[in-house]
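Below is one structure; the comments refer to it alone.
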Amino acid sequence: MSESTASLLPKEAVRALSKYREMTVLTPAGEIELVFGEAAVTIDRVWLEEVLAEVAASEGVEIVTGTRAFPNPREGECVVAAEGARAEIASGAGLCGRRTYLVGAQYIIRSGDGPDHPVVVALPRISKEFFGWVVPAGDREYVLGLADDPRVGSVTAKALGLRNLFTSLWGEHEVVERFGGLIPVCRPCTPAREPYLGIGDSVCMVKQLSGGGLFAIARAAPLLARSVAEGADYSALIAPIMRTLHRSWVLTKVVKALGGYWSTASLLARAGLRRLSFGRYDLIHEGVMKTLTRNLRPR
Ligand SMILES: Cc1cc2nc3c(=O)[nH]c(=O)nc-3n(C[C@H](O)[C@H](O)[C@H](O)COP(=O)(O)OP(=O)(O)OC[C@H]3O[C@@H](n4cnc5c(N)ncnc54)[C@H](O)[C@@H]3O)c2cc1C
């Protein structure tokens, strides 16, 4: 996440593992450097969740695990749909329509060598519909991951391909941990319909271009809390966030029309683009849109 997103979270919940202002994109037509005006941080996600749970518990929230909620709100009650990608509650409440998913697979690996800043892997053999990544996570550890549409081939096989790519570029490594999850592919949903309020993946508050959800969640959560406490209009409060997400969704459609991430990145590399500067990490889609319209305009 960006430093500005991290700054919205409780300080004690953010354990930064690495920080960077540049990324290298590997494309079939060569490399592109991305440079950012603000730093992005790799954080310890488990630590974040644990500290947030502690903060909530210390404020009197009862936390129940190992069970599913089937909300049946009574008069005067409200339900917050924060159930993540599958969105059964949000869909049942009519907040969201149809969605598809990318499957994400990640490894934490340990290696004597590796990149000193994140590498985005835009190669079709690693991901046809999205991209892969290699991100330094401190102490000789790296996060290796990719997401793809499971209908276009085995994600597990591609994850193995990504590990092989790492080995060929930086050498042998050992796997410390593996995990994964779903990334919803959908336009941002309606965030509120009495008595339901939605946040996060459940209502597709996801930057579709990068699959990132924490940008919007960190901003929407305090507004949601205000709506619940004071009855303020949640949809109106989060409208600017939803507009930003919507622009990212539109750009994702453009990227898809150009043949996907690897194909779009190759087009830019072939057009001679070797370095791209962005102001804000969170608004990368706006910078990409400008670059596309500038570089792909018919001459
Ligand atoms: C591989 C991968 C890499 C990612 N990398 C990034 C990244 O670098 N930066 C970024 O910003 N985002 C990233 N994301 C996206 C980010 O993780 C999500 O956007 C974010 O976790 C969504 O948070 P959430 O609270 O909406 O849902 P979740 O984190 O999914 O939490 C929802 C919780 O609700 C529980 N639940 C579901 N239904 C019920 C029910 N009926 N009753 C009770 N509990 C229920 C689930 O078990 C889960 O614990 C990544 C996602 C994936 C899959």
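The values are calculated or read from the model by the stated rules, or taken from the named source; none is laboratory data. Please read these numbers as outputs of a predicted model, since none were measured by experiment. Positions of Cβ are backbone-derived with ideal geometry, glycine not excepted, and every protein chain shown enters the neighbour counts. Surface areas here come from the heavy atoms of the whole protein model, side chains and all, with no ligands, DNA or RNA. Shrake-Rupley method; radii C 1.70, N 1.55, O 1.52, S 1.80 Å.
Do any cysteines of the chain lack a neighbour Cys whose Cβ is under 4.7 Å away, and which are they?
Cys with no partner Cβ under 4.7 Å: Cys78.
Apply the Karplus curve 6.51 cos²θ - 1.76 cosθ + 1.60, θ = phi - 60°, to the phi angles in the range 62-68 and return the couplings in whole Hz, x for Gly and Pro.
For the range 62-68, the Karplus curve yields 8, 9, 10, 10, x, 8, 9 Hz.
For the chain, report the accessible area per residue in Å² (1.4 Å probe, heavy atoms, rounded to an integer). Can you show the working numbers first?
On the way: 15390 Å² over 299 residues.
On a per-residue basis, the chain sits at 51 Å².
Against the longest alpha carbon principal axis of the chain, how many degrees, from 0 to 90 and to the nearest 10, is the axis of helix 45-58 turned?
For 45-58 against the chain, the angle is about 20 degrees.
Can you tell me the orientation of helix 284-295 relative to the chain, as the angle in degrees between its alpha-carbon axis and the longest Cα principal axis, to the nearest 10?
Tilt of helix 284-295: around 40 degrees.
If we count every other residue with Cβ under 13 angstrom of Arg68's Cβ, Lys/Arg +1 and Asp/Glu -1, where does the sum land? Walk me through the numbers before you get to the answer.
Values: positive: Arg86; negative: Glu83, Glu88.
Net local charge, Arg68 excluded: -1.
Which percent of the accessible heavy-atom area of the chain goes to carbon and sulfur, probe 1.4 angstrom?
C and S atoms contribute 54 percent here.
Based solely on its DSSP helices, what 222 nm [θ] is calculated for the chain when runs of n ≥ 4 H residues each add -39,500 (n - 2.57) and the sum is averaged over all residues, nearest 500 deg cm²/dmol?
-10500 deg cm²/dmol
List, in order, the whole-Hz ³J(HN,Hα) value for each residue of the range 251-267 obtained from phi through the Karplus relation with A = 6.51, B = -1.76, C = 1.60 and θ = phi - 60°; use x for Gly and Pro.
My calculation for the range 251-267 gives 5, 4, 5, 4, 4, 5, 5, 8, x, x, 4, 5, 6, 5, 5, 5, 4 Hz in order.
Whole angstrom only: what separates the Cα centroid of the range 90-135 from the Cα centroid of the range 190-229?
Here the answer is 21 Å between Cα centres.
Around Tyr196, which amide H atoms from residues at least 5 apart in sequence, or from another chain, sit under 5 Å from its own amide H, with H modelled in the peptide plane?
Amide H to amide H, under 5 Å and 5 or more residues apart or across chains, Tyr196 pairs with Val79.
Give me the accessible area of His246, 1.4 Å probe, in Å² rounded to the nearest 10.
Per-residue accessible area (His246): approximately 70 Å².
Just list whichever of Lys11/Lys207; Lys11/Lys256; Lys19/Lys290; Lys11/Lys253 have alpha carbons separated by over 32 Å in the model shown.
Lys11/Lys256; Lys11/Lys253
What does the extension gain come out to for Arg294 and Arg98, with contour length at 0.36 nm per residue minus their alpha carbon separation?
Residue separation times 0.36 nm, minus the Cα-Cα distance, leaves 67.2 nm.
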